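Here, each number is a calculation from the coordinates, and none is a lab measurement. Values in this document were obtained by computation on a predicted structure and should not be read as measured data. Neighbour counts run over all protein chains shown; Cβ positions are idealised from the backbone, glycine included.
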Amino acid sequence: MISFELLAEEGVVIVEPSGPLQEEDFKTLAARVDEYLEKEGNLQGLLIHARSFPGWESFGAFLSHVRFVRNHHRRIRRVAIAADGAIPSLAPRLAGHFVSAEIRHFPYSELEAAKEWAANG
């Protein structure tokens, strides 16, 4: 399950997973992001704030996640990952092969720095 907040003025979406990701999470997120993109053209940034990656509830949820990335990655300039652990620190190098956004890792506690970078680089 994820919650998210779209900071329209900054052009940043903050996503916070709190349990296994569900198909509906990505449908809801995509609808809100698409509404913003219609008006503004692009997002400055996407910020993922999570203590750890919760995984997916189902294979359908995984596919929804892949579709969200595929349909939106060219319209998001930066992805900030504010999370602790080894996997999030590797994410910029791994995801860089699949998305066009600039990606940067921050410690979980540095939410404000990650938000600032996602909005302004």
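Amide hydrogen proximity for V79: with H placed 1.01 Å from N in the peptide plane, the residues at 5 or more positions away or on another chain lying under 5 Å are L46, E102, I103, R104.
Extent of the chain along its three principal axes (Cα atoms, max minus min coordinate, largest first): 33, 28, 26 Å. Hey, for a label at R74 modelled as a point 7 Å past Cα toward Cβ, could you say which residues of the stretch 42-56 have their backbone N under 20 Å away? Residues passing the 20 Å test: 42-46.
Beta bridges per DSSP, both residues in the chain: antiparallel share near 25 percent. Full extension of the chain between V66 and E35 yields a length gain of 9.2 nm, computed as 0.36 nm times the residue separation minus the alpha carbon distance.
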